[in-house]
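The values are calculated or read from the model by the stated rules, or taken from the named source; none is laboratory data. Quick caveat: nothing in here was measured; it's all calculated off a predicted structure. Because the Cβ atoms are built from the backbone with ideal geometry, glycine has one as well, and the counts that use them run over all protein chains shown. Note: accessible area is taken over every heavy atom of the protein model, side chains too, but ligands, DNA and RNA are not part of it. Shrake-Rupley method; radii C 1.70, N 1.55, O 1.52, S 1.80 Å.
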Amino acid sequence: MTSQYSSSGSGAAKNITYPAVNARTWTLPNGLRIIVQEDHSAPVASVQAWVETGSLHEGRHLGAGLSHLLEHMLFKGTPTRGASAFAQSIQDAGGYINAYTSFERTVYWIDIPARGVPVALDLLSDAVMNSTLPVEEYGKEQEVIRREFAMGNDDPDRVSSQTLFATAFREHPSRHPVIGYLDVFNSLERDEVMAYYKSRYVPNNLFFVVVGDVDAEAVHAKLAELFAAHPRRSLAPVFVPQEPPQLGRRTNHIEFPTELTRLHLAWHIPPVSHADLPALDVAAVVLGSGRSSHLYKALREDLAVVHSVDAWCYALSHGGLFGIDAILDPDKREQVENEVLELVARVRDSGVTAQELNKAKKASLSQQLQAVTTMRGRASDLGSNWLLTRNLDFSRDYLEALQRVTSADIQRALGHYLIDRNLTVVSLNPPGSLAQKPSAAVVLNAGAIQKFELSNGLRLLVREDHRLPLISINASFKAGLLAETAADNGLTRLLSKVLLKGTKTRTAGQLADEIENLGGVIGSDAGNNSLSVSARVMQPDFRAGLEILADVLMNATMPEKAVSREKEAQLAGIKAEEEEMTVVARNMLRAELFGAHPYGLRASGTPESVAGLTPDALRVFRDQHLVARNGVLAIFGDVQAAEVLALAEELLGALSAGESALTTIPVPPELGASREAEAIKDKEQAVLMVGFPGADLFSPDNAALEIIDEACSDLGSRLFLRIREEMGLAYFVGSSQMSGLARGMFGFYLGTAPEKVDEVKAALREEIAKLAADGLTVEELARAKEKSVGQQEIRNQSNQAFAFQVALNELYGLGYDYHLEQRRQIEALTVEEVRAVARRYFTQPAITVVVRPPV
């Protein structure tokens with residue numbers, strides 16, 4: 001839980017300034033506010049409609065989840081559009097539509113290629129002002145949200161978060177979940193929802209934010225035209241009671257079907273506009289953000305009493321919470337609670353060092369810069385600024401306030417707010433654990449990708465992009481599940497974590513300190529076919545960031561203590577996966593479909609395989625796979641290619657050349673006949689998956705399979721419209737394609753009520769059979785093509801995501817410019833080609849997996 005501004009920061013980084021807002025604004029005669037920021041760096045835009053109403057504003061319906069239900073119903077029809085027209089129109093234009101509801105807002109947004117902006121404006125305007133909330137759709141959507149309730153009831157993180165807010169707040173509506181309570185929700189009538197809609201969705205309670213490759217005047221003119229028929233309306237004030245001061249510690253420890261304890265400590269703090277918020281934000285970073293933070297080093301590294309820990313600052317217009325979260329074994333809850341409070345007291349009494357202050361400010365600035373790398377990120381930032389403060393430059397002003405924070409400010413703020421009588425302690429614990437331990441209750445265009453090769457054979461990809469002073473670095477190597485066996489399953493995942501636990505010249509703490517002192521981050525990722533280490537830094541710190549990444553790749557020592565600790569964390573993660581219905585179903589499906597092939601293994605391994613992993617095994621695997629001829633280094637951002645090449649040769653030229661790995665790829669077994677598998681979990685919902693043998697990355701069928709996946713996975717898909725909308729059988733439904741160096745899998749999935757499994761299974765199989773026989777319609781194919789191309793344009797805004805994908809394409813032998821070839825293949829597809837591929841793949845034997853509660 002973080003607020004819009006808990007990741008904002010300071011100007012602590014030398015020569016770095018946060019970009020000024022150059023948005024244009026208008027207020028129409030009916031009160032509608034329009035905010036437009038032109039950005040022609042990419043041919044995309046984010047169009048957002050902000051309604052200044054959320055769960056806090058539901059009046060006599062407080063706790064019903066009325067705002068959330070209305071969000072679900074808004075696109076179910078207007079006088080000129082049917083229930084599916086909205087999603088299909090956006091997909092026709094290559095865009096993506098979604099929405100969310102929170103305490104103070106409901107936001108509807110469309111990310112879309114720039115050519116589709118008029119369509120997005122038209123659709124959002126029609127929905128927010130003209131929705132009819134059709135009677136025939138109301139019951140179906142109620143059932144969909146009941147499935148969402150069931151999913152939330154199964155999610156320990158959701159349950160613990162809601163328990164925290166219900167305990168910390170006694171009077172303020174924040175104590176109620178945004179989704180509401182099921183029994184109150186069930187009592188809502190469609191007429192009550194319509195009355196709420198008519199009273200709150202008025203022009204003078206709305207504003208539009210548009211950021212991207214647009215003409216501001218044209219956006220203004222279009223919205224003025226669309227809202228000309230909608231006059232200003234009276235807007236009744238909603239009484240929101242203020243939370244009275246807390247006068248004593250509150251505790252609430254509950255049991256839940258889980259294997260790990262989730263512990264929250266939280267203190268009330270003032271609104272986002274309060275002068276103390278910058279000091280509290282900086283304190284949260286120092287205490288619990290990153291591996292060099294006080295909490296991480298003390299509890300995760302030194303004492304090894306938590307699996308994860310972090311601190312956060314959640315502030316809205318009415319106030320908020322400063323919190324510390326940890327996941328731990330249940331027998332350590334009291335110890336961790338005491339250790340956290342002692343550490344907070346030490347920082348409150350002694351203050352923080354100048355180095356810690358600078359690191360926190362730099363990290364905050366870096367995170368805020370990263371948050372506005374996309375059109376959607378900048379639009380969301382502008383929208384939150386306006387909603388909470390009516391100051392579009394609030395993020396910039398807040399960053400400047402953070403820069404002025406001193407150690408004395410932090411001590412004063414912690415001393416005022418982080419005190420015992422203002423404290424709430426909540427925990428979610430495994431069944432039976434409490435009985436054992438009772439407790440009281442200026443924009444520039446990016447350049448093309450350039451390819452080089454270092455003297456040791458390491459391929460280097462560089463993309464110059466001077467829009468923001470950020471640099472993304474990604475080093476990827478062939479490895480992953482495909483390089484593992486059942487005996488060492490989980491090795492790649494464990495290695496990716498242990499690599500960051502110290503080198504020949506740096507301890508784990510020093511590594512974390514150095515990168516976070518730069519305002520940067522370093523992380524790792526293990527996949528089916530690869531292992532990647534990535535870093536992000538601001539432009540003046542490029543050399544330092546690349547030197548740290550090079551040190552990790554070449555000199556990681558993997559000390560036994562760190563290996564042991566990360567094994568414990570990985571084993572805890574394996575336990576946690578058993579609580580996720582979709583993860584359980586996916587693991588079963590892959591095991592059944594791939595058998596003894598590496599793709600049938602679990603990404604995190606099994607308890608037995610992980611327990612047997614040793615530091616020596618990790619070093620052998622590292623020395624074989626993290627070598628130059630088996631890797632690709634991608635550096636995208638505010639760089640000069642010639643300087644990057646020279647620096648990469650200097651710092652990584654000594655990386656062992658080695659040889660390319662995975663030159664012989666094991667072939668998955670043939671599936672002789674269809675079969676079913678079932679698992680029973682003590683949950684409220686059921687998950688169904690159907691999987692077919694798929695294609696590898698090099699198959700000529702890949703483009704068609706991707707388009708089929710796209711057509712079956714969105715809000716306008718035949719699966720969504722038939723099974724979720726018409727039949728009301730599923731909360732979520734879609735498809736997923738997995739392709740790799742070996743033959744992969746194409747799967748269909750959905751979540752449903754346990755009593756509907758047989759009915760929904762028949763419906764899903766019927767839809768798959770239709771797809772196999774007929775392929776996609778002309779309209780479906782056109783929409784899926786636009787969506788696929790549009791989403792690629794949207795994804796590629798982020799250098800971090802783009803560098804990662806381009807590095808993998810080059811690593812796997814597809815070429816660093818494969819994204820261009822992929823687009824060409826997709827645009828060239830015909831209905832006949834897609835039909836032939838659908839028939840070839842979906843008439844094969846299949847695996848069906850059901851994970852359901854006990855009968």
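Only residues that are open to solvent by 10 Å² or more (accessible area, probe 1.4 Å) and within 20 Å of Asn338 (Cβ to Cβ): list them for segment 283-303, please. Answer for segment 283-303, where residues must be open to solvent by 10 Å² or more (accessible area, probe 1.4 Å) and within 20 Å of Asn338 (Cβ to Cβ): His294, Tyr296, Lys297, Ala298, Arg300, Glu301, Asp302, Leu303.
Scanning segment 313-321 turns up no residue that is among the hydrophobic types (A, V, I, L, M, F, W, C), at pLDDT 95 or above and part of a helix (DSSP H, G or I).
Among the residues of segment 117-144, those that are in contact with a strand residue (DSSP E or B) (Cβ under 8 Å, 6 or more places away or on another chain), open to solvent by less than 10 Å² (accessible area, probe 1.4 Å) and either assigned to a helix (DSSP H, G or I) or not hydroxyl-bearing (Ser, Thr, Tyr) (or both) comprise Val117, Ala120, Leu121, Leu123, Leu124, Ser125, Ala127, Val128, Val144. Residues considered: Ser292, Ser380, Ser395, Ser364. Of these, the only one that is touching a helix residue (DSSP H, G or I) at 6+ places or on another chain (Cβ under 9 Å), within 26 Å of Gln539 (Cα to Cα) and assigned to a loop (DSSP other than H, G, I, E, B) is Ser292. Residues in segment 819-839 that are under 15 Å from Thr777 (Cα atoms) and charged (D, E, K, R): Glu832, Glu833, Arg835, Arg839. Checking every residue in segment 158-177 against the condition of being in contact with a strand residue (DSSP E or B) (Cβ under 9 Å, 6 or more places away or on another chain), under 30 Å from Pro113 (Cα atoms) and not hydrophobic (A, V, I, L, M, F, W, C) gives zero matches.
Just checking, does segment 725-733 include any residue being in contact with a strand residue (DSSP E or B) (Cβ under 7 Å, 6 or more places away or on another chain), at pLDDT 95 or above and open to solvent by less than 10 Å² (accessible area, probe 1.4 Å)? Within segment 725-733 (the criterion being in contact with a strand residue (DSSP E or B) (Cβ under 7 Å, 6 or more places away or on another chain), at pLDDT 95 or above and open to solvent by less than 10 Å² (accessible area, probe 1.4 Å)), the answer is no, since none of the residues qualifies.
Checked against the criteria, Ala99 counts as part of a strand (DSSP E or B) and either of a type outside the set (Phe, Trp, Tyr) or within 20 Å of the chain's Cα centre (by Cα) (or both). Here is the figure for segment 385-401: residues that are in contact with a Phe, Trp or Tyr (Cβ under 7 Å, 6 or more places away or on another chain) and open to solvent by 30 Å² or more (accessible area, probe 1.4 Å) total 2.
When residues in segment 168-194 are screened for being polar (S, T, N, Q), assigned to a helix (DSSP H, G or I) and open to solvent by 10 Å² or more (accessible area, probe 1.4 Å), 1 of them pass. Exactly one residue among Leu820, Leu764 is open to solvent by less than 40 Å² (accessible area, probe 1.4 Å) and either closer than 24 Å to Gln91 by Cα or in contact with a helix residue (DSSP H, G or I) (Cβ under 9 Å, 6 or more places away or on another chain) (or both), and that residue is Leu764.
Considering the conditions (1) at pLDDT below 95; (2) touching a strand residue (DSSP E or B) at 6+ places or on another chain (Cβ under 6 Å); (3) crowded, with 21+ Cβ neighbours inside 10 Å, Leu468 is excluded by exactly one of them, (2). The residues of segment 626-682 that are in contact with a Phe, Trp or Tyr (Cβ under 6 Å, 6 or more places away or on another chain) and assigned to a helix (DSSP H, G or I), listed by number, are Asn630, Leu645. Selection of first residues in segment 503-531 that are farther than 18 Å from Arg622 by Cα and of second residues that are aliphatic (A, V, I, L, M) and part of a loop (DSSP other than H, G, I, E, B), restricted to Cβ pairs under 6 Å at least 6 apart or on distinct chains, gives the following pairs, ordered by first then second residue: Gly519/Ala13.
Looking only at residues in segment 645-687 that are among the polar types (S, T, N, Q) and within 30 Å of Asp154 (Cβ to Cβ), the one that is least open to solvent (accessible area, probe 1.4 Å) is Gln685. A single entry from Gly457, Gly480 fulfils the requirement of being farther than 28 Å from Leu369 by Cβ, of a type in the set (Gly, Ala, Ser) and surrounded by fewer than 19 Cβ atoms within 10 Å (Cβ to Cβ): Gly457.
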